[in-house]
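First comes the structure, then the notes that go with it.
The values are calculated or read from the model by the stated rules, or taken from the named source; none is laboratory data. Just so it is clear, the model here is predicted, and its values are computed rather than measured. Cβ sites come from the backbone with ideal geometry, for glycine too, and all protein chains shown count toward neighbours. Keep in mind that these areas ignore ligands, DNA and RNA; they rest on the heavy atoms of the full protein, side chains included. Shrake-Rupley method; radii C 1.70, N 1.55, O 1.52, S 1.80 Å.
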Amino acid sequence: MPGFQYEAFPMSAREAFCYEDYEVTKDSDRMGIRLSGKALDYDGEGLVSEGVNVGSVQVPANGQPIIMMHDRQTLGGYPKLGTINPFDLGRLAQCQPGQTVRFTRIEGKVAQQQLRRFYQFFNVRLTCQAGDNLRS
């Protein structure tokens, strides 16, 4: 999903991130999944540190994206191209160094609908299996 600085990235960088393959590097860890591939240019100004969410796609000066994971820092000053759909973070975390990944664009509204269906599924399953005693 597009991030705060999305518009400051040239169209070529936005398209590269969505249509090029990126390789998971050996430097990936619980803080971030580091990717290697076509470098992403950033045309914006320098940033003051701001909050970093799980799934943020940070782009440091070398242009190689880093997907921020659960043990990430809470503040950062790299521009953020976007945010990875929460459903895909678990799959991304399981990727081994050398594996390739490719991203596609999704609107926030669509991601919210997916998340809502996901939670509704488990709410119905819990209710059906445990009966009405769990509800207050």
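Listed values, structure above:
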read-out: Computed over the chain, Cα set: Rg, Dmax in Å; value: 17.3, 57
read-out: Estimated dipole of the stretch 1-103 in Debye, rounded to 20 [Cβ of Lys and Arg +1, of Asp and Glu -1, Cα centre]; value: 300 debye
read-out: Surrounding net charge for PRO97, when Lys and Arg each add one and Asp and Glu each subtract one, Cβ distance under 10 Å; value: 0
read-out: Shape of the stretch 1-53, Cα gyration tensor, a/c cut at 1.5; value: oblate
read-out: Stretchable slack from ASN62 to ASP29, in nm (0.36 nm times residue separation minus alpha-carbon distance); value: 10.0 nm
read-out: Accessible surface of the chain [probe 1.4 Å, protein heavy atoms]: carbon and sulfur percent; value: 50 percent
read-out: Neighbourhood charge, 15 Å Cβ-Cβ cut-off, centred on ARG14 and excluding it, Lys, Arg +1 and Asp, Glu -1; value: -2
read-out: For the stretch 1-120, accessible area per residue (1.4 Å probe, heavy atoms of protein chains only), Å²; value: 60 Å²
read-out: Residues in the stretch 29-47 reached by a label modelled at TYR19 [backbone nitrogen below 16 Å; 7 Å Cα→Cβ]; value: 38-41
read-out: Dipole-positive endmost among PRO65, GLY32, ALA111 within the stretch 2-136 (Cβ charges, Cα centre); value: ALA111
